[in-house]
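Novice: The following block contains the structure, expressed as structure tokens.
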């Protein structure tokens, strides 16, 4: 059981598909115009991930190694088709608002990535939890971005008004360009954190190695803090 | 004829596949460092999307609909596209080596381009016939090429600018794409 919980933690925090791995960017940007859409897309993808991971894990000894990618794609496409019908029947409003992006889950690289990296090598139960973790991580990422865009772009969260009446919504944030800007800001913040970390480590190693910070004449091309590259 | 022109303008400019529908973002961000490579990628995409929208709409209209198998569209389309890219690659290698050389590495990359599957699904959604599907596929790909080449041009200029450390790379590219997307809103009055 411990291993299963570790997979969930890994998916949500350590290898979060949106914030850390940067996978599946097309749906991330396309459906995050409102929080409810982001959450819906995230949960749909989670369902697909759990099912496809379980199926692929079950079939991992049956599918020959050479044709495994087409095999995985067929499994994923079948699961997506089933989920699409379930959505159409039981949550038609979500089905309407996600539209084209539901069948496009097939080409979401997170799903094929997990199938290849985890489910094809591990037993069924951990694979299912791996799917759950990755899916929840994706859901958290999508919902966070969507909430941010919805607050700025229309002054609401999940459709409930939270900004004061006098707030003028910046509607560009719920339109296409807003997605690009929000994602750019997100990556920029991450880069800044990485730069700060690298600087902190760099100062330490400078003291230790006595590096004169003259990178262009230094022979150590493997140095992580080289400034000329 | 008029209808086809409207489809062309609509797909290439107004509903640009990358800038307003977010399909094919990975190659859009990944292969847009130089104008030459962007052009190569664009040509390959035009080639593949036009052919694949022809075949997928042919299969959908004359095979899946008569057999009442519309629900299999996603599975069938993805397999057709994957197989098609393989065949196109083998065919070009044998018979048009010069084109194969210039498209080279971009061809296999296209299978992972969600724009290809996206166009096939849009064709079904809008219930286009075969001719309309081909026109729609071609114009969507032209829109893709247009935006990736423009972005590559901008990125070549950005190389020489002094931008904050944390914005280098992907963030500044995304900001450019966002500004381009605003600019493309200007086309929305065309149809």
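Novice: Could you check residue A:23 against (1) modelled with pLDDT of 85 or more; (2) surrounded by 16 or more Cβ atoms within 10 Å (Cβ to Cβ); (3) out of contact with any strand residue (DSSP E or B) (no Cβ under 9 Å at 6 or more places or on another chain) and say which number it fails?
Specialist: Among (1) modelled with pLDDT of 85 or more; (2) surrounded by 16 or more Cβ atoms within 10 Å (Cβ to Cβ); (3) out of contact with any strand residue (DSSP E or B) (no Cβ under 9 Å at 6 or more places or on another chain), residue A:23 violates only (1).
Novice: Follow-up. Could you please let me know if residue B:83 is assigned to a helix (DSSP H, G or I), within 25 Å of residue A:70 (Cα to Cα) and free of Cβ contacts under 8 Å to residues at least 12 places away in the same chain?
Specialist: yes
Novice: Oh, and also: With (1) within 13 Å of another protein chain (Cβ to nearest Cβ); (2) farther than 22 Å from residue B:69 by Cα; (3) free of Cβ contacts under 8 Å to residues at least 24 places away in the same chain as the list, and residue A:98 as the residue in question, which single condition is left unmet?
Specialist: (3)
Novice: In the list B:182, B:122, B:163, which residue meets the criterion of being within 14 Å of another protein chain (Cβ to nearest Cβ) and assigned to a loop (DSSP other than H, G, I, E, B)?
Specialist: Criteria check complete, one pass: B:163.
Novice: If residue B:50 meets every condition in (1) surrounded by fewer than 24 Cβ atoms within 10 Å (Cβ to Cβ); (2) more than 11 Å from the chain's Cα centre (by Cα) apart from one, which number is that one?
Specialist: Here residue B:50 meets the rest and fails (2).
Novice: Restricting attention to the stretch A:46-67, which residues are part of a helix (DSSP H, G or I), in contact (Cβ under 8 Å) with a residue 24 or more places away in the chain and either more than 25 Å from residue A:93 (Cα to Cα) or more than 14 Å from chain B (Cβ to nearest Cβ) (or both)?
Specialist: Within the stretch A:46-67, A:46, A:47, A:49, A:50, A:51, A:53, A:54, A:55, A:56, A:57, A:58 qualify.
Novice: If you don't mind, there's one more thing I want to ask. May I ask you to list the residues in the stretch A:150-185 that are more than 14 Å from residue A:34 (Cα to Cα), modelled with pLDDT under 85 and either surrounded by 19 or more Cβ atoms within 10 Å (Cβ to Cβ) or within 14 Å of chain B (Cβ to nearest Cβ) (or both)?
Specialist: Selection gives nothing.
Novice: For residues that are closer than 24 Å to residue B:80 by Cβ and surrounded by 24 or more Cβ atoms within 10 Å (Cβ to Cβ), scanning just the stretch B:1-20, find the one that is farthest from the other protein chains (Cβ to nearest Cβ).
Specialist: B:11
Novice: Test of understanding: among B:92, B:29, B:99, B:117, which residue is within 14 Å of another protein chain (Cβ to nearest Cβ), under 30 Å from residue B:150 (Cβ atoms), in a helix (DSSP H, G or I) and modelled with pLDDT under 85?
Specialist: B:29
The values are calculated or read from the model by the stated rules, or taken from the named source; none is laboratory data. If you're wondering where the values come from, they're calculated on a predicted model, not measured in any experiment. Neighbour counts run over all protein chains shown; Cβ positions are idealised from the backbone, glycine included.
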